[in-house]
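*Asks:* Can you read through this structure? Questions will come right after.
Where a number appears in this text, it was derived from the coordinates with a stated rule and is not lab data. In this text the structure is predicted, and so the values were computed from the model without any measurement. As a convention, Cβ positions derive from the backbone with ideal geometry for all residues, glycine included, and neighbour counts pool all protein chains shown.
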């Protein structure tokens, strides 16, 4: 039995919000392809707004921008991750139409 690794480049987008010269918010969108679907899917990761800028709708605007870009890239789904204790983040994702679809597992390397 032989294993083969195809080394494909990952497509990703880093979306940032600037206030003056400072980056005050960011999010990453990874475009992932596999053999199960013709279309790729998107993974939204590391949604972050500096604490002093929270509560101003910036996070909502970032998520909306990620959804727009994922559609533009032809994604058939968008996956968002969050830690169990981040209930306010879960509620925000649900307002956008995300639903709890399972759990993910992590291994620190």
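*Asks:* What is the fewest-to-most order of 41, 28, 76 by other Cβ atoms lying within 10 Å of their Cβ? The partial results should precede the final answer.
*Replies:* Numbers: 41 19, 28 16, 76 12.
Exposure proxy ranking, most exposed first: 76, 28, 41.
*Asks:* With label points built 7 Å along Cα→Cβ from the Cα atoms of residue 79 and residue 95, find their separation and express it in nm.
*Replies:* Rounded to a tenth, the inter-label distance reads 2.6 nm.
*Asks:* Arranged by the count of other C-beta atoms within 10 angstrom, fewest first, what order do 109, 29, 78 take? Don't skip to the answer; put the middle values down first.
*Replies:* Numbers: 109 3, 29 24, 78 20.
Ordered from fewest to most neighbouring Cβ atoms within 10 Å, 109, 29, 78 come out as 109, 78, 29.
*Asks:* Cα axis of helix 58-72 to longest principal axis of the chain: angle in degrees, 0 to 90, nearest 10?
*Replies:* With rounding to tens, the tilt is 30 degrees.
*Asks:* Mean projection of the alpha-carbon convex hull of the chain over all orientations, in nm²?
*Replies:* Values: hull surface 38.5 nm².
The number I arrive at for the chain is 9.6 nm².
*Asks:* Among 85, 45, 68, what is the fewest-to-most ranking by other Cβ atoms within 10 Å? Working shown, then result.
*Replies:* Values: 85 8, 45 15, 68 12.
Arranged by neighbour count, lowest to highest, 85, 45, 68 become 85, 68, 45.
*Asks:* Take every DSSP beta bridge whose two residues both sit in segment 11-95, then give the antiparallel share in percent to the nearest 5. Don't skip to the end; give the middle numbers.
*Replies:* On the way: 16 of 19 bridges.
Antiparallel: roughly 85 percent of the beta bridges in segment 11-95.
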